[in-house]
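This report refers to the structure that appears directly beneath it.
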Amino acid sequence: MTVSMQVTKRIYQGNGVTRQWDVDFPLIAADNLGVYLTSPQGAEEEIFTDFTVDPMTHTLTYPTPESGKSPLGADWKLTVLRRTPLTQEIDLLRQGELDAEVLEEGYDKLTMLVQELGEKVDRSIKYPVSSKEEDLETENFLKNILAAKEDAVVASYQEEEEERQEKA
């Protein structure tokens, strides 16, 4: 296998009909999949039952007909993401044969792990690259966030006031 695709997750919107969802990113094993439901209110929950994964067709079925549950409604989301185990199981023997396929599997796994880490980092709060070390302390960081919030609120009030004056 080669890992030419950088996608590590898919987020699907329910529609009241669909039960089969594509898992079109590379997986080492079907159990390397995390499945989450997001309610209309935004509550997210990892689920462990009522779904099946077919590695041959690259699909996840949720909810399974056997579960008795209805397909996800339009306000619900299903998130499917790859979770590769953080293990290294290649054992190369000294003076033994070096199998290129074994090495490729190891590199593929490392690539998938780095992609998954990149997806997590992309969702995280980041400091600007020009930040000084003293700006990175939690207390300063929180002060900066609160200051930015206050600036945004003030700007919003100013904009509303300008709009009122223009209408008057």
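The values are calculated or read from the model by the stated rules, or taken from the named source; none is laboratory data. Computed from a predicted structure; not experimentally measured. No Cβ is skipped: glycine too gets one built from the backbone with ideal geometry, and neighbour counts run over all protein chains shown. Accessible surface areas use protein heavy atoms only, side chains included; no ligands, DNA or RNA. Shrake-Rupley method; radii C 1.70, N 1.55, O 1.52, S 1.80 Å.
Here is how the numbers come out for the structure above:
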{"read-out": "The range 19-49: number of residues that are out of contact with any strand residue (DSSP E or B) (no Cβ under 9 Å at 6 or more places or on another chain) and either among the aliphatic types (A, V, I, L, M) or open to solvent by less than 60 Å² (accessible area, probe 1.4 Å) (or both)", "value": "2"}
{"read-out": "Selection count, the range 1-17, where residues are among the polar types (S, T, N, Q), surrounded by fewer than 14 Cβ atoms within 10 Å (Cβ to Cβ) and assigned to a loop (DSSP other than H, G, I, E, B)", "value": "4"}
{"read-out": "Residue check for P85: more than 20 Å from D22 (Cβ to Cβ), open to solvent by less than 70 Å² (accessible area, probe 1.4 Å) and touching a residue at least 40 places away in the same chain (Cβ under 8 Å)", "value": "yes"}
{"read-out": "Residues within the range 114-166 that are closer than 30 Å to P85 by Cα, charged (D, E, K, R) and either assigned to a helix (DSSP H, G or I) or in contact (Cβ under 8 Å) with a residue 24 or more places away in the chain (or both), tallied", "value": "4"}
{"read-out": "Residues of the range 11-50 satisfying the condition of being charged (D, E, K, R), in contact with a Lys or Arg (Cβ under 8 Å, 6 or more places away or on another chain) and modelled with pLDDT under 95", "value": "D24"}
{"read-out": "Hits in the range 61-82 (condition: among the hydroxyl-bearing types (S, T, Y) and open to solvent by 70 Å² or more (accessible area, probe 1.4 Å))", "value": "S70"}
{"read-out": "Given (1) touching a residue at least 40 places away in the same chain (Cβ under 8 Å); (2) over 26 Å from G34 (Cα atoms), number of the condition A100 does not satisfy", "value": "(1)"}
{"read-out": "Options L86, L60: the member that is of a type in the set (A, V, I, L, M) and touching a helix residue (DSSP H, G or I) at 6+ places or on another chain (Cβ under 8 Å)", "value": "L86"}
{"read-out": "Residue match in the range 10-18 (condition: in contact with a Leu (Cβ under 6 Å, 6 or more places away or on another chain) and either free of Cβ contacts under 8 Å to residues at least 60 places away in the same chain or not aromatic (F, W, Y) (or both))", "value": "yes"}
